[in-house]
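Right, one structure below, let's go through it.
We did not get these values from a lab; they are worked out from the coordinates using the rules stated. The model shown is predicted, which means the values in this text are computed figures rather than measured ones. Cβ atoms come from the backbone with ideal geometry, glycine included; neighbour counts cover every protein chain shown.
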Amino acid sequence: MTETYDIVVIGGGNAALCAAITAAEAGARVLILETAPKPYRGGNSRHTRNFRCMHHGPLGPLVESYTEDEYLADLMKVTGGKTDERLARLAIRSSEECLPWMEEHGVRFQPSLSGTLSLARTNAFFRGGGKSLVNAYYRTAEGLSVDVLYEAAVTHLELEGDRVTRVDYTHEGAAKSLSPKSVVVASGGFQADTDWLARAWGPAAKNFLIRGTPYNRGVVLADLLDQGIAQVGDPTQCHAVAIDGRAPKFDGGIVTRLDCVPFSIVVNKDAQRFYDEGEDVWPKRYAIWGRLVAAQPDQVGYVIIDAKSLNLFMPSVFPPIKADTLADLADKMGLPADALEQTVAEFNGACGDQSAFHPTELDGVATSGLTPPKTNWARPITEPPFYGYSLRTGVTFTYLGLKVDENAQCSIDDCLVSNLWAAGETMAGSILGQGYLAGFGMTIGTVFGRIAGKEAAAHAN
Amino acid sequence: MQIDLLQEARRQAEICNACRYCEGYCSVFPALQAERAFSDGDLTQLANLCHNCRGCYYACQYTAPHEFELNLPQALAEVRQDSWEEFAFPRAAGKAFQKNGLAIVLATVLGFALLFWAARALAAAGGEGFYAVLSHNAMVAIFLPAFLFPLFSIAIGLRRYWQTVGGTPVRLSHLRGAIASVANMRNLKGGHGDGCNFEDEDRFTHARRYAHQAIMYGFLLCFASTSVATLMHYLLDMPAPYGLFSAPKILGLSGGVLLVLGCGKMVWLKLRSDKSLGATNAFSGEIAFTGLLGFVGLSGLLLYAAGGTGWMPGLLVIHLGAVLAFFLLTPFTKMAHGFYRMAALVRDAQRRERV
């Protein structure tokens with residue numbers, strides 16, 4: 001490996017790879033410093049599955065069309081307007097040309113996955129999921145003579161005036177440094193650093209699970225923010241959803257999701273209900289439940305269903321806890337049995353006519369005279385065996401990040417840093433101020449990764 | 001069947017069913033996703049539907065060192081291998097040969113020895129060409145049972161399979177779907193048409209698919225050659241030897257060349273593949289079987305080249321010995337996979353029809 005690189009890309013996920021490939025195609029010598037070992041390369045991109053894409057008419061696996069305005073409206077709905085509209089439009093507009101570019105660089109798409117028909121028009125699914133995309137990009141990058149160092153943890157970027165002059169990292173137990181002409185930061189958020197999360201959110205965050213990679217510890221982000229690089233996004237917030245409480249602390253990914261809440265009652269550790277489980281269809285509510293569970297004692301919730309609801313939702317990775325009586329179920333789940341029986345009895349008593357029950361639509365089958373109410377899919381929990389899942393808060397990503405302009409360039413004290421660009425989750429807070437839109441993280445990563453790669457190469461040349 | 005293998009496959013299938021990212025790769029995932037709980041029969045069916053293309057392994061975010069430790073190609077290969085041993089008739093032969101390359105080699109050597117003995121004891125006075133070495137009737141007396149027994153054995157195995165997976169009566173439409181799938185090895189194309197992952201980690205290539213098809217079509221051509229020659233012998237009273245441009249020769253030569261090239265490439269690929277993504281202790285058995293099949297083709301071609309020379313008698317008994325071993329071992333070696341794979345595809349066609 002040569003020791004002279006035009007560009008160092010920090011991170012090894014989608015945005016980093018798009019930047020590295022684009023820069024290498026522009027003739028730059030590129031090195032990727034990926035902090036994870038090879039089997040875990042790719043950051044949170046490993047867990048993704050699709051790419052939200054604007055298109056005029058059918059494009060690849062996408063049907064019909066999805067206009068810029070509709071896309072932006074969808075984004076505004078989830079962010080509540082907390083969006084840099086100029087950057088958002090740039091990402092949306094560029095997404096259309098990204099899809100063929102992705103295919104040219106080895107990514108393969110497929111029709112939308114079963115159970116996700118609602119996304120067939122808006123989101124292009126990767127065949128094999130995000131890790132297959134990451135694999136394809138690494139193959140392409142290697143073919144372009146991009147070098148990759150795994151387990152290379154960047155510790156510090158030395159800033160002198162408006163330039164990054166040195167990249168410090170450790171590799172194979174030794175401290176090393178490089179002085180490339182350009183640097184692209186694409187190393188994600190800080191959600192895997194639970195101490196940081198706890199400082200930002202409060203001590204409850206110690207009980208959160210991290211849905212993605214354990215390697216997004218925000219080391220480079222913190223280093224740059226400490227030196228005064230412009231920041232964006234609410235530092236105290238993270239995107240979180242309710243997932244199976246038995247999921248691993250890190251990297252549980254898609255299989256830990258639980259779709260059964262609408263058909264259940266959810267109680268806290270005192271066996272008390274705390275929110276309307278039937279407020280809306282689950283994809284529109286799972287993020288809310290991440291926060292709801294975080295607000296309960298010990299940051300844990302318990303989903304209770306009965307036999308008639310077991311097959312109404314997608315299977316998840318762990319089988320439910322099962323018992324023939326509610327008291328037994330309470331014992332097995334560590335809940336007070338009397339309180340659970342009473343909560344269920346009150347709920348059952350408040351259920352009315354269920355003839356309109358429809359599992360995939362808002363059916364209006366509601367409780368009456370119950371606080372909090374259940375406004376849809378309210379059927380009494382009566383049919384043994386009874387099943388339970390525990391729920392915990394699973395963090396997807398953090399919003400705090402590096403503020404960039406339309407060239408993906410970072411700045412300090414209102415001046416551009418002449419050789420520093422950022423892409424992916426680490427700058428997504430510029431566009432996603434709150435909430436999340438399925439597949440938009442990959443759009444931001446791809447669009448700004450390519451921009452950063454192009455700009456970094458132009459600077460290096 | 002082995003409970004621990006089934007239990008491990010079940011654990012993994014349940015995780016896959018909660019993820020579903022791989023549903024575009026092959027026939028296994030749509031079939032898997034149609035279930036919520038997996039019976040032993042379901043798992044046996046999934047295992048035999050799996051072509052070990054490995055796309056799902058390299059795309060999986062849950063492979064070791066992740067604590068879920070998914071390796072679906074291996075889990076299904078182990079169940080598949082175990083099912084072939086279990087369904088084999090007689091069972092003991094399945095257990096003896098499936099995973100045992102040495103036993104296959106020994107059986108082949110025994111085949112040679114038997115044919116050498118036959119050539120000495122049953123040489124025909126006055127026969128022409130090959131029949132001077134071994135009379136036609138002697139060949140038939142040896143090979144007819146050696147051909148019928150495996151057919152009978154495979155039929156019993158398939159019956160056991162069909163009962164295990166809960167198969168229903170087969171209709172033409174089911175067969176059509178299965179044959180189309182086999183004819184172009186759709187399940188080794190990765191869904192996107194780029195091929196499968198085998199000899200170079202996550203790189204998609206058609207190498208294994210092409211090698212497999214060379215073997216399969218080579219074998220079928222050789223088989224057709226023998227069948228045509230049999231018909232010519234009995235129906236048309238046209239005994240061997242046949243000229244270069246006769247149907248048996250054209251079929252046999254092209255088939256032999258494909259068989260040799262295909263088997264050679266397949267062994268080369270297998271040696272480069274990651275053995276931990278297959279049934280690890282079946283590796284020697286697979287290599288030995290592929291080698292034997294390639295050797296059947298090679299010795300046949302050499303025999304043709306040596307026709308009329310002093311090498312011919314020796315090569316003939318070696319070739320026939322290899323063919324004999326190959327046929328007798330068919331129900332107990334990797335060759336059996338063709339029958340079970342076909343059955344699994346037919347069963348899958350039934351499932352899809354139901355949906």
query: Shape call for chain B from the C-alpha gyration tensor, a ≥ b ≥ c root eigenvalues: rounded (a/c under 1.5), prolate (a/b greater than b/c) or oblate?
result: prolate
Overall form of the stretch A:241-394 per C-alpha gyration tensor (a/c, 1.5; a/b vs b/c): rounded
field: Whole-Hz ³J(HN,Hα) from phi, Karplus 6.51 cos²θ - 1.76 cosθ + 1.60, for the stretch A:30-38, glycine and proline x
entry: 10, 10, 9, 9, 10, 6, 7, x, 3
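Using helices alone, I'd like the mean residue ellipticity at 222 nm for chain A: each DSSP H run of four-plus residues gives -39500 (n - 2.57), total over residue count, nearest 500.
Using -39500 (n - 2.57) per qualifying helix, the result is -8500 deg cm²/dmol.
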message: Can you tell me how the stretch B:3-84 classifies by the Cα gyration tensor, rounded, prolate or oblate, using a/c under 1.5 as the rounded cut?
response: rounded
- prompt: Roughly what % antiparallel, to the nearest 5, for the DSSP beta bridges in the protein assembly as shown?
  reply: 75 percent
- prompt: If you average the sequence gap of Cα pairs under 8 Å that are 6 or more apart and divide by the length of chain A, what percent do you get for the contact order?
  reply: 24 percent
- prompt: In what sequence do B:Arg209, A:Arg41, B:Arg10 fall when counting other Cβ within 10 Å, fewest first?
  reply: B:Arg10, B:Arg209, A:Arg41
query: How large is ³J(HN,Hα) for each residue in the stretch A:330-336, as worked out from phi by the Karplus curve 6.51 cos²θ - 1.76 cosθ + 1.60 (θ = phi - 60°), to whole Hz, x for Gly and Pro?
result: 4, 4, 5, 9, x, 9, x
- prompt: Quick one: net charge of B:Arg20's neighbours, Cβ under 15 Å, K/R +1, D/E -1?
  reply: +1
- prompt: Points 7 angstrom from Cα along the Cβ direction at A:Gln237 and A:Glu64: gap in nanometres?
  reply: 2.9 nm
message: Of all beta bridges DSSP finds with both residues in chain A, what is the antiparallel percent, to the nearest 5?
response: 75 percent
- prompt: Given charges of +1 on the Cβ of Lys and Arg and -1 on the Cβ of Asp and Glu, with all other atoms neutral, how large is the dipole of the protein assembly as shown about its Cα centre, in debye to the nearest 20?
  reply: 2820 debye
- prompt: Near the amide H of B:Glu69, under 5 Å away, which other amide H atoms are found, from residues 5 or more places off or on another chain, if H is placed in the peptide plane?
  reply: B:Ala64
field: Helix axis angle, B:336-354 relative to chain B longest principal axis, alpha carbon, degrees
entry: 40 degrees
statement: Distribution output for the stretch B:198-277: share of Cα-Cα pairs per 5 Å bin in percent, first bin at 0, values 3, 16, 19, 16, 12, 10, 8, 6, 5, 3, 1
- prompt: Cβ under 11 Å from B:Ala240's Cβ, B:Ala240 left aside: what net charge do those residues give with Lys, Arg +1 and Asp, Glu -1?
  reply: 0
message: I need the fraction of alpha carbon pairs in the stretch A:316-461 separated by more than 26 Å, rounded to a whole percent.
response: 55 percent
statement: Across all Cα atoms of the protein assembly as shown, Rg and the largest Cα-Cα distance (Dmax), in Å, are 31.7, 104
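Explain nothing, just the number: dipole magnitude of chain B about its Cα centre with +1 on each Lys and Arg Cβ and -1 on each Asp and Glu Cβ, in debye rounded to the nearest 20.
540 debye
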message: In the stretch B:39-75, whose amide N lies under 17 Å from the spot 7 Å out along Cα-to-Cβ of B:Arg354? List them in ranges.
response: B:39-49
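Ranking B:Leu271, B:Leu49 by Cβ neighbours within 10 Å, fewest first, what do you get?
With the sparsest Cβ surroundings first, the list reads B:Leu271, B:Leu49.
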task: Could you size up the charge dipole of chain A around its Cα centre, putting +1 on the beta carbon of Lys and Arg and -1 on that of Asp and Glu, and report it in debye to the nearest 20?
output: 660 debye
- line: Rounded to the nearest 500, the 222 nm mean residue ellipticity computed for chain B from DSSP H runs (n ≥ 4, each -39500 (n - 2.57)) alone is -22500 deg cm²/dmol
statement: Cβ-Cβ cut-off under 11 Å around B:Arg160, Lys and Arg +1, Asp and Glu -1: the net charge is +1
query: Going by how many other Cβ atoms sit within 10 Å of their own, how do A:Arg199, B:Arg203 line up, fewest first?
result: A:Arg199, B:Arg203
A:Val9 long-range amide H proximity, modeled H, under 5 Å: A:Leu31, A:Ile32, A:Leu33, A:Val184
- prompt: Along the stretch B:65-74, what does the Karplus equation 6.51 cos²θ - 1.76 cosθ + 1.60 (θ = phi - 60°) give for ³J(HN,Hα), rounded to whole Hz, x for Gly and Pro?
  reply: x, 4, 5, 6, 6, 6, 8, 4, x, 5
- request: Mind pulling up the Rg/Rh value for the stretch A:325-370? Radius of gyration and Kirkwood radius, both on Cα.
  value: 1.11
query: According to a simple spin-label model (label point 7 Å from Cα along Cα-to-Cβ), what is the distance in nm between B:Phe149 and B:Leu175?
result: 2.8 nm
task: Could you state the orientation-averaged shadow area of the convex hull built on the Cα atoms of chain A, in nm² to one decimal?
output: 21.7 nm²
query: Extension gain A:Gln272-A:Arg93, at 0.36 nm per residue separation less the Cα-Cα distance, in nm?
result: 59.7 nm
